[in-house]
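S.K.: Sharing a structure below in structure tokens format, with a few things to ask.
Where a number appears in this text, it was derived from the coordinates with a stated rule and is not lab data. Keep in mind it's a predicted model, so treat the numbers as computed, not measured. Virtual Cβ from ideal backbone geometry, glycine too; neighbours counted across all protein chains shown.
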Amino acid sequence: MNAIHRAHTHPASDMRSLDQNARLHKLIAQLGLVKEAKADLMHQFTTGRTTSSADMTRVECANLIAHLALLVKTTDSDREFVMRRKLFHLAHLLDWEHADGQVDQERLLAWIEKYGVVKKHWNKCSRRELAQLVSQLDNVQKNWKQHG
């Protein structure tokens, strides 16, 4: 038990579960949080009572898990957004655009459906699938530039 926790104890039935702890630490790892940031989060979500997840209650841990899950989802959405923008950028480099300079989305989608390693709309792709498409289209663009 850390020094902050000694003054406040909770019954064992109120303490976070091992499943919660596993989920919590998985989210912390996904976000790449350092030890100090992790301790700060524990301190915030226990209203200053502790800096250790071992001393969190079920409710405190559930609240922190919900918060971190939202951060992970937002971070993943941001990464997916960036990869979708990269697809559009590559389409521009390939001159797959309308006269007004906008990407010809129909052409991009037709290429994905015919040649893509993943044959579905970019908005329905996972982060991993988007990365595969970006890599594939990047290679197409490089070859086009060399031989174009």
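S.K.: Normalising by the residue count of the chain, find the relative contact order in percent from Cα pairs under 8 Å and 6+ residues apart.
M.R.: Numbers: 129 pairs, mean separation 29.1, N = 148.
Rounded, it is 20 percent for the chain.
S.K.: So if we plug the beta-carbon distance of A99 and D78 into 1/(1 + (r/R0)^6) with R0 = 41 Å, what FRET efficiency do we get, rounded to 0.05?
M.R.: 0.85
S.K.: Stretch S13-R128 to full length: gain in nm at 0.36 nm per residue minus the Cα-Cα span? Each step should come with its number before you reach the end.
M.R.: Values: separation 115, 0.36 × 115 = 41.40 nm, distance 3.97 nm.
Length gained between S13 and R128: 37.4 nm.
S.K.: Oh, and also: Considering the values [x] 1.25; [y] 1.02; [z] 0.97, which represents Rg/Rh (Cα atoms, Kirkwood Rh) as calculated for the structure under consideration?
M.R.: [x]
S.K.: List the aspartates and glutamates whose Cα sits under 17 Å from the Cα of K35, skipping any in the same chain fewer than 8 residues away.
M.R.: Once the sequence-local aspartates and glutamates are set aside, what remains near K35 is D55.
S.K.: Show which lysines lie in cross-link reach of K145 when reach means a straight Cα distance below 29 angstrom and same-chain residues fewer than eight apart are skipped.
M.R.: K86, K114, K119, K120, K124
S.K.: Run down the aspartates and glutamates and flag those whose C-alpha is under 18 Å from the C-alpha of K142, throwing out any fewer than 8 positions away in its chain.
M.R.: Result set, ordered by chain and number: D95, E97.
S.K.: If you fit an axis through the alpha-carbon atoms of helix 18-31 and take the longest principal axis of the Cα set of the chain, what angle between them do you get, 0 to 90°, nearest 10?
M.R.: For 18-31 against the chain, the angle is about 40 degrees.
S.K.: Also: Relative to the first principal axis of the alpha-carbon coordinates of the chain, what is the inclination of helix 58-93, with its axis defined by its Cα atoms, in degrees from 0 to 90 and to the nearest 10?
M.R.: 10 degrees
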